[in-house]
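Note sheet for the following structure.
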Amino acid sequence: MLPTPDLSHLTQDDFTVVYEPAEDTFILLDALEQDADLLQKTDPAISLEIGSGSGCVSAFIGQILGKRSAYFCTDINADAGRCTMATGEQNKVLLNVVLTSLVGGLLPRLLGNVDLLIFNPPYVPTDDEEASQAQMGRSISGAWAGGAHGMNTTQEVLRIIPTLLSQNGLFYLVAVRENNPVAIAHQAKTELGLTCDIILERRAGIERLFVLRFSRKNRNNSNIFNQ
């Protein structure tokens, strides 16, 4: 069992401006560890986490893949960028941080080149105005305010996944029951040309959390899932 990355360098002051790892973070870590063999067989050259926050998830990926991958992290919150870099240093993983909305600052260079993509989105249902203001404010509220059905930002990312993933790329997404994970999986298959499976599900207080894994239908080594 892999340890949770060391976040002892971060303070409570940091967590007033950056999302502190919680149950949604930990189910994502568990899903990635569950898929560790798959990730190592896929051998990602480029890994990208959207909305890296504290940097905990990308540092964890670094434990799984080591130096075989280049790690990119994006966030719109400058404090999150600072914390992500510090977490990489604390855990001896080189995390390349780009302050941008979603993947904007990395396009078009990464189109079709992302082998591993990770997103724990702002998934809490709010009104659209609150979600929009949270993103424009580039603050901690942007880590949770998700708009109608909690899906505003997730839908923005889903639309670009087919052009962002490499031929053998994998995409991991966190969702809650209110986001309708079954509908997300159906959208992936019918509109995006991707396969999508719910690989982990867990209750956390009043929330029902899910981790979804996406890949291309014509993935070159599709039999890797059965190895």
Can you spot a residue in region 80-92 that is farther than 22 Å from Leu29 by Cα and either open to solvent by 40 Å² or more (accessible area, probe 1.4 Å) or at pLDDT 95 or above (or both)?
no
Candidates Phe72, Phe60 - the one that is under 23 Å from Pro5 (Cα atoms), open to solvent by less than 10 Å² (accessible area, probe 1.4 Å) and within 15 Å of the chain's Cα centre (by Cα)
Phe60
Out of all the residues in region 105-118, which are on the phi < 0 side of the Ramachandran plot, of a type in the set (Gly, Ala, Ser) and either at pLDDT 95 or above or in contact with a Phe, Trp or Tyr (Cβ under 7 Å, 6 or more places away or on another chain) (or both)?
none
Those residues of region 5-16 which are touching a residue at least 12 places away in the same chain (Cβ under 8 Å) and open to solvent by 80 Å² or more (accessible area, probe 1.4 Å) amount to Ser8, Thr16
Output for Cβ contacts, cut-off 9 Å, separation at least six or different chains, first residue more than 10 Å from Val174 (Cα to Cα) and in a helix (DSSP H, G or I) in region 188-217, second modelled with pLDDT of 95 or more and open to solvent by 30 Å² or more (accessible area, probe 1.4 Å), reads Ala188/Thr195; Lys189/Thr195
Considering residues that are among the charged types (D, E, K, R) and farther than 18 Å from Glu33 by Cβ, the number found within region 192-216 is 4
Taking first residues from region 162-184 that are among the aliphatic types (A, V, I, L, M) and second residues anywhere that are open to solvent by 40 Å² or more (accessible area, probe 1.4 Å), the pairs with Cβ under 7 Å that are 6 or more apart or on different chains are Leu164/Leu111; Leu165/Arg216; Val176/Glu207; Val176/Arg208
Given the criteria of a type in the set (Phe, Trp, Tyr), at pLDDT 95 or above, within 26 Å of Val176 (Cα to Cα) and touching a strand residue (DSSP E or B) at 6+ places or on another chain (Cβ under 7 Å), does Phe72 qualify?
yes
Among Ala36, Ala31, the single one that is surrounded by fewer than 16 Cβ atoms within 10 Å (Cβ to Cβ), modelled with pLDDT of 95 or more and of a type in the set (A, V, I, L, M, F, W, C) is Ala36
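The values are calculated or read from the model by the stated rules, or taken from the named source; none is laboratory data. This structure is a prediction, so every number in the text was calculated from the model and none was measured. As a convention, Cβ positions derive from the backbone with ideal geometry for all residues, glycine included, and neighbour counts pool all protein chains shown. Accessible surface areas use protein heavy atoms only, side chains included; no ligands, DNA or RNA. Shrake-Rupley method; radii C 1.70, N 1.55, O 1.52, S 1.80 Å.
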